[in-house]
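**Student:** If you scroll down you'll find the structure; I have some questions about it.
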Amino acid sequence: MELMKGIWEPVRDGGGKIRAFFHDVRVEFGKVSWPSRREVTGSTTVVIVVVLVLALFLFVVDQVFATAVQQLFKLVGFRS
């Protein structure tokens with residue numbers, strides 16, 4: 001029950017602490033260095049291209065391993 005006391009403290013002071021918190025949040029957001037639209041677009045493009053290249057690479061590696069395993073099974077005479 002002792003823990004619950006602290007939760008209601010901001011409400012008992014008339015919301016002053018809550019207002020102060022949101023004021024501080026707004027001040028800090030003003031200090032943030034936000035990227036430009038061009039920077040965001042460029043970064044997004046790089047991420048999409050890297051994901052596509054990696055997906056293609058993994059597809060090729062998967063196909064190579066699948067073919068190698070199939071050939072190995074044929075070689076030893078294993079049938080599914």
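**Student:** Each residue of the stretch 25-32 in turn: what ³J(HN,Hα) in whole Hz from Karplus with 6.51, -1.76, 1.60 and θ = phi - 60°, glycine and Pro shown as x?
**Tutor:** Those phi angles translate into 4, 5, 4, 5, 4, x, 7, 5 Hz.
**Student:** Oh, and also: So what J values fall out for the stretch 49-64 if you push phi through Karplus, 6.51 cos²θ - 1.76 cosθ + 1.60 with θ = phi - 60°, rounded to Hz, Gly and Pro as x?
**Tutor:** The phi angles translate into 5, 5, 4, 5, 5, 5, 4, 4, 4, 5, 4, 5, 4, 4, 5, 4 Hz.
**Student:** Continuing with this model, one more query. Would you mind calculating the gained length between ASP24 and VAL40 on full extension (0.36 nm times residue separation, minus the Cα-Cα distance), in nm to one decimal?
**Tutor:** 3.1 nm
**Student:** Run the simple label-point estimate for VAL60 and LYS17 please: 7 Å along Cα→C-beta, distance reported in nm.
**Tutor:** Label at VAL60, label at LYS17, 6.0 nm between them.
No value in this document is a laboratory result; all are computed from the given coordinates. Computed from a prediction, not measured in an experiment: that's the story for all the values here. We place every Cβ from the backbone using ideal geometry, glycine too, and count neighbours over all the protein chains shown.
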